[in-house]
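The values are calculated or read from the model by the stated rules, or taken from the named source; none is laboratory data. Computed from a predicted model, the values in this text were never measured in an experiment. Neighbour counts are summed over all protein chains in view; Cβ atoms, including those assigned to glycine, are modelled from backbone coordinates with ideal geometry.
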Amino acid sequence: MLSKRRHDGIQDRAFAVREARAEDVPALASLHVATFNETHGHRGAPNYALREKRWRTAFERESNWFCYVAEAPDRQLVGFAKGELHDGGVPGFEGELDKIYVLSAWHRSGIGRALVERVARRFLEQGIGSMLLFGDARSSSNGFYERLGAERLLSPKGEFHGGYGWRDLRRLVPDALSDVWR
């Protein structure tokens, strides 16, 4: 179990991070709906049935992705992060942090950092040294990515549309696999 002491001295609740499994699909679909709605609002949000179908399909048919979940002591899923190979649309990045969501009640508990670090570690294990993510340019999460060392990716005209990148994942997990990269 991981936990983090907050700046105000209050001990946050403990959590564990583990790889998602096919049997997590119902809970993962519910979490995805809840966190998406908290982040983006309910308007136009995919419902449980669609999320459940997409997660089930991913576990049954797809192979170029992985997902980590954050689990509370009561085994409730409270966050997740999904990684996959980047399609090459933005040169210089091999991996993609495709999704990362944490229930708002669990923000500032260390879960987001732990999930990003797990994704980065997994990419490093696969010989992938960089990753990017595409988000909302107006998201309050952008400061979180920047605190983790992500750089804003600008369009050719210098505009920011919500893309972030880490060109060297070893900076996210400095103790990870240092002997692999020598």
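Residues in the stretch 72-85 that are over 17 Å from Phe36 (Cβ atoms) and under 14 Å from the mean Cα position of the chain (by Cα): Gly83, Glu84, Leu85.
Every condition in (1) surrounded by fewer than 16 Cβ atoms within 10 Å (Cβ to Cβ); (2) of a type outside the set (Gly, Ala, Ser); (3) in a helix (DSSP H, G or I) is met by Val119 except one, and the failing one is (1). Using the structure shown, decide if Thr35 is crowded, with 19+ Cβ neighbours inside 10 Å, part of a helix (DSSP H, G or I), under 17 Å from the mean Cα position of the chain (by Cα) and not charged (D, E, K, R). Taking the combined requirement at face value, the residue satisfies it. For the stretch 59-71, the criterion of being loosely packed, with under 10 Cβ neighbours inside 10 Å, in a helix (DSSP H, G or I) and on the phi < 0 side of the Ramachandran plot is met by at least one residue. Tell me yes or no: at least one residue of the stretch 109-131 is out of contact with any strand residue (DSSP E or B) (no Cβ under 8 Å at 6 or more places or on another chain) and touching a residue at least 60 places away in the same chain (Cβ under 8 Å). The answer is no; no qualifying residue exists.
Annotation note: of Leu97, Leu124, Leu153, the sole residue that is farther than 17 Å from Ala20 by Cβ, in a strand (DSSP E or B) and modelled with pLDDT of 95 or more is Leu153.
The residues listed here are Arg56, Arg51; of these, the one that is over 27 Å from Ser139 (Cα atoms), touching a helix residue (DSSP H, G or I) at 6+ places or on another chain (Cβ under 6 Å) and not in a loop (DSSP other than H, G, I, E, B) is Arg56.
The requirement of being more than 21 Å from Val33 (Cα to Cα) and modelled with pLDDT of 95 or more is not satisfied by Arg56. Is it true that Gly112 is out of contact with any Cys (no Cβ under 7 Å at 6 or more places or on another chain) and either surrounded by fewer than 22 Cβ atoms within 10 Å (Cβ to Cβ) or part of a strand (DSSP E or B) (or both)? For Gly112, the condition - out of contact with any Cys (no Cβ under 7 Å at 6 or more places or on another chain) and either surrounded by fewer than 22 Cβ atoms within 10 Å (Cβ to Cβ) or part of a strand (DSSP E or B) (or both) - is not met.
Ala27 fulfils the conditions (1) at pLDDT 95 or above; (2) in contact with a helix residue (DSSP H, G or I) (Cβ under 9 Å, 6 or more places away or on another chain) except for a single criterion, (2).
So that you can scan it fast, the table gives a plain yes or no per residue for (1) at pLDDT below 95; (2) closer than 28 Å to Trp166 by Cβ; (3) touching a Gly at 6+ places or on another chain (Cβ under 9 Å):
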| position | (1), (2), (3) |
| --- | --- |
| Leu2 | yes, yes, yes |
| Asn37 | yes, yes, no |
| Gly44 | yes, no, no |
| Val69 | no, yes, yes |
| Val78 | no, yes, no |
| Val90 | yes, yes, yes |
